[in-house]
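Derivation of every value follows stated rules applied to the coordinates shown; laboratory data play no part. Keep in mind that this is a model prediction, so the values were computed, not measured. Using ideal geometry, Cβ is built from the backbone for each residue, glycine included, and neighbour counts are taken over all protein chains shown.
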2 protein chains.
Amino acid sequence: MSRRGERPSAEALATLPVAVDAMGGDKSPGEIVEGARRVAAENGIPVVLVGPPDQVGDTCGLPLVACTEVIAMDEDPAGGVRRKKDSSLVRVAELVRDGQASAMVSAGNTGATMAAALLRMGRLPGVIRPCIATPLPRLGRTPAVLVDAGANAECTPAMLVQFAQMGAAYVAARFGTTAPTVGLLSIGEEPTKGTPLVKETHALLAAEGAAGSGARFEFVGNLEGRDLLPSPADVIVTDGFTGNVALKALEGTLRFIFDVVTGVFMLDDATKAAADVLLPHLLPLAAEFEPENTGGAMLLGIDGVCVISHGSSNATAMVNAVRVAYECATRGLVDHVAAAVRPSPDA
Amino acid sequence: MSRRGERPSAEALATLPVAVDAMGGDKSPGEIVEGARRVAAENGIPVVLVGPPDQVGDTCGLPLVACTEVIAMDEDPAGGVRRKKDSSLVRVAELVRDGQASAMVSAGNTGATMAAALLRMGRLPGVIRPCIATPLPRLGRTPAVLVDAGANAECTPAMLVQFAQMGAAYVAARFGTTAPTVGLLSIGEEPTKGTPLVKETHALLAAEGAAGSGARFEFVGNLEGRDLLPSPADVIVTDGFTGNVALKALEGTLRFIFDVVTGVFMLDDATKAAADVLLPHLLPLAAEFEPENTGGAMLLGIDGVCVISHGSSNATAMVNAVRVAYECATRGLVDHVAAAVRPSPDA
C-alpha cells in the first residue's frame, strides 16, 4: 500500500498542502484547527485538515478531507491503524502517499502515527527501521538531534548506523548544517565502554565517519548523558529505549527546576519583584526548551514527511510543526534521507 | 580472597574505623584528609587513612595504614587492581575484609573501587552481580535510590530483580523506609512497553512485589525518565547502561540550568540585586542536588560496606561519605542486604 509511482519534485511539493490530523492531541480539534488557520494565514503555507466533520466543527475556512473515525490517544497503535481504515491518522498518511499532500502532521497517538506513516507511505528502500528524530536545544545555535528518540526499543548496530546517516541528512536539510558531526550515546568516552550494541556500533561509525573520509558525517566518538545539553555533536545516536529514557529524564528535570524556581518567585512581595527583573531575561531562554517552539519530532526513513507533534500541542505548537513539515518537504528531505542511507542486507 | 570467618556484629562494627582511601579523587589527598579529620573531630566517627606516607603528607593526627601504590583515576580498573596489590584502593578493601575497618570510602577510580571491593570482600551469597545505588533527591523527603547506576552495562531479568531486593534493603537501612516501593524504568506505563529485559523483569517484579504479598517491597510498575525527579518510588530499577545515561542526563541538565541562571544573575546591577533576594531561597534547594551532600553512591551485593564518592569530592563530600558509610555499617546494611536477596541459580 505504499507510494504509487514517483515521489513528487520539490517544486511540486511546494504547491501541495500539509495534511493536518485535526483530531490528534489532547487539545484537538480546537487548538489544532486554530494553529492550522494561523500558519495558513500568516505563513502562506497551504494546509488541509482531516477529520470527521461533525467532530471537527468550524474549520475556519480551511479545506477539510472528511473521514469517519478517530484513533484515541491511548488506543493500541497497530490495532487502531489496522481496524480504523477511515481514521484521520490513516487518511493524512494516505494523502501524502497519494501525492495529494506534501507532508503529514499529527499530535495524536505517537505509536499509531508511526504505524500509519510506515504502513501507508512505506519505508525508503534499504531502510531497516524508521526512527524518531527529536531536537535538543543548544542556546544560540541550531538544535542537536537525538535519534532514535523512541521508535525502536530494540536495535542492531546496522540500525544505529542508519540512524546516524538519516540524522545527518535531516540536520543538513532542516538546519543547513554542512558537515554534520555524529556522537554515540554511551557510558564513557572509551570505545570499550558500553553494551555490545554500542561497542559494535562505535566500530562501524568510526569506519564510516572518519574525519576526512568524505562521508556525509564526521563521527566524533562516544558521548555521555551529561553531553546532551548542550550537545557537542549535531546528531546523537542511540537505541530508542535509551533515547526515550534520556529525553524524558531531561524534560522531567527541566520541568522540576521550572516548578521549583516558580515556587520561589511566588514566595512573597520581595521575590515577586526580583522575578519581575529576571523574567525578561529568563523567558527567552526558557522558550527555547518549550516543545511548542521546536516544531516536533520527525519520523525518518519513510517515503514521506511525517511530523509527530507533542500530545499537549497548542496552536503555537501546530504552527511550528506545520512550518517544519512544509520546509522539510520542500527542501527534499525524503530525497536527502534516501540518498544518505546505505542499504542494509537486514532491510 | 574474600572475608575470612564471621561478619562482625553491628556493635563490633561501631568500634571499628572507616577506612578512607587518602589518594582517591581529583582533590586527593588534601581535601580527602581534611574531610576525614573533620568527620572524626566533629562527628566522633573513627577513621583510618590509607596511602603512601610520602604522598599523603600531614594526616592531621589521624592513623595511617601505609601502602606503596596508587591506582590512577584513568587507569584500567581490573588491571590496576590485579597489578597494584599494595595500592590504597586494594588496602582499604582488605581492611574491611579482615575485620579491621567497618567500611571503605573512596573518591578514586570508580571501576577500580568496584573491582577492589568485589575481589577483596567478595559477593554476598547468591548475588549474581553487585550494583551501584545512587540517591536521587526528593525535596523535603528522603531521597529515592537508582539501581543500577552504572556497575553493569549488561543485565538479565534475574539481576534486575536482585537490584530491587538490594535497593529496598538499602533504603530501609539507610533512611528507615518501612515499606519501600519499587518502580521499573521503561518507556511507557504499560507492562508491554520496553525491551525484552524490561518486560521479563516487569513480570518477575509484579509476581514478587504484589501489594500485600508480604514481600520486602511493593512493586508499583513502570516509571519513565520524567519520573526520576522527584521519583514516586523509593527505588528505581534499571540496567547499569540506562541508569548511567539517565543519571548523567539529569546531572547535565541541572548543571546546564545552573549555568544559564547564574549567567542571568550576573548580567547587570539590577539582576545582581534580584539574585541577592532569591539566592537565600534557592541555595538550600540547590544544596540538595550537590553530590557533596548526598553521601555518595553505595556498592550493594558485596560482603562489606563500600561508598563510592564523586571523583570531584571535596572535604564536605568526604564528611558525608564517611557518615553514610559508618551509619550503614553500624545499622547492619550488609546483613539486611544478604537477608533480602533471594539467591539466583545464575549466581
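Summary of values
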{"read-out": "Separation of alpha-carbon centers, segment A:70-92 and segment A:235-287, rounded to whole Å", "value": "34 Å"}
{"read-out": "Charge dipole (debye, nearest 20) of segment B:202-347; +1 at Cβ of Lys and Arg, -1 at Cβ of Asp and Glu", "value": "200 debye"}
{"read-out": "Qualifying trypsin sites (Lys or Arg not before Pro) for segment B:1-93 [loop in DSSP, other Cβ within 10 Å: at most 15]", "value": "B:ARG4, B:LYS85"}
{"read-out": "Within the protein assembly as shown, helix-based [θ] at 222 nm, where runs of 4 or more DSSP H residues each add -39,500 (n - 2.57), nearest 500", "value": "-14000 deg cm²/dmol"}
{"read-out": "Student exercise, chain B dipole from Lys, Arg, Asp, Glu Cβ charges, in Debye to nearest 20", "value": "840 debye"}
{"read-out": "Modelled FRET efficiency - R0 35 Å, A:ALA179 with A:SER312, Cβ distances, 0.05 increments", "value": "0.50"}
{"read-out": "Karplus (6.51, -1.76, 1.60) ³J(HN,Hα), θ = phi - 60°, over segment B:163-173, in Hz, Gly and Pro reported as x", "value": "4, 4, 4, 6, x, 5, 5, 5, 5, 5, 6"}
{"read-out": "Protection proxy ranking of B:46-59, B:223-236 - average other beta-carbon atoms within 10 Å, highest first", "value": "B:223-236, B:46-59"}
{"read-out": "Loop-located GluC sites (Glu not before Pro) in segment A:1-56, at most 12 other Cβ atoms within 10 Å (DSSP)", "value": "A:GLU6"}
{"read-out": "Long-range amide H partners of B:GLY209 with built H, under 5 Å", "value": "B:PHE219"}
{"read-out": "Using θ = phi - 60° and Karplus 6.51 cos²θ - 1.76 cosθ + 1.60, couplings along segment B:197-204 (whole Hz; Gly, Pro as x)", "value": "4, 5, 5, 5, 5, 4, 5, 5"}
{"read-out": "For A:LEU223, distant residues with modelled amide H under 5 Å away", "value": "A:LEU184, A:LEU185, A:SER186"}
{"read-out": "Under Karplus coefficients 6.51, -1.76 and 1.60, residue-wise ³J(HN,Hα) of segment B:79-89 in Hz, glycine/proline x", "value": "x, x, 5, 5, 7, 9, 6, 10, 8, 4, 5"}
{"read-out": "Bridge type composition, the protein assembly as shown - antiparallel percent by DSSP, nearest 5", "value": "30 percent"}
{"read-out": "For peptides A:145-151, A:327-333, sequence by mean Cβ density within 10 Å, most packed first", "value": "A:145-151, A:327-333"}
{"read-out": "Distance between modelled label sites at B:MET73 and A:ALA14, nm, 7 Å Cα→Cβ extension", "value": "5.4 nm"}
{"read-out": "Residues whose placed amide H lies under 5 Å from that of A:VAL47, excluding near-sequence neighbours", "value": "A:VAL18"}
{"read-out": "Euclidean distance between Cα centres, segment B:174-230 to segment A:1-54, Å", "value": "41 Å"}
{"read-out": "Rounded to 5, the percent of DSSP beta bridges in chain B classed as antiparallel", "value": "30 percent"}
{"read-out": "Residue pairs, from the table A:LYS248/A:LYS272; A:LYS193/B:LYS248; B:LYS27/B:LYS85, whose Cα atoms sit over 20 Å apart", "value": "A:LYS248/A:LYS272; B:LYS27/B:LYS85"}
{"read-out": "Other protein chain Cβ atoms within 10 Å, averaged over every residue that makes up A:148-160", "value": "1"}
{"read-out": "Ratio of the Cα radius of gyration of segment B:128-295 to 2.2 N^0.38 Å, where N counts its residues", "value": "1.17"}
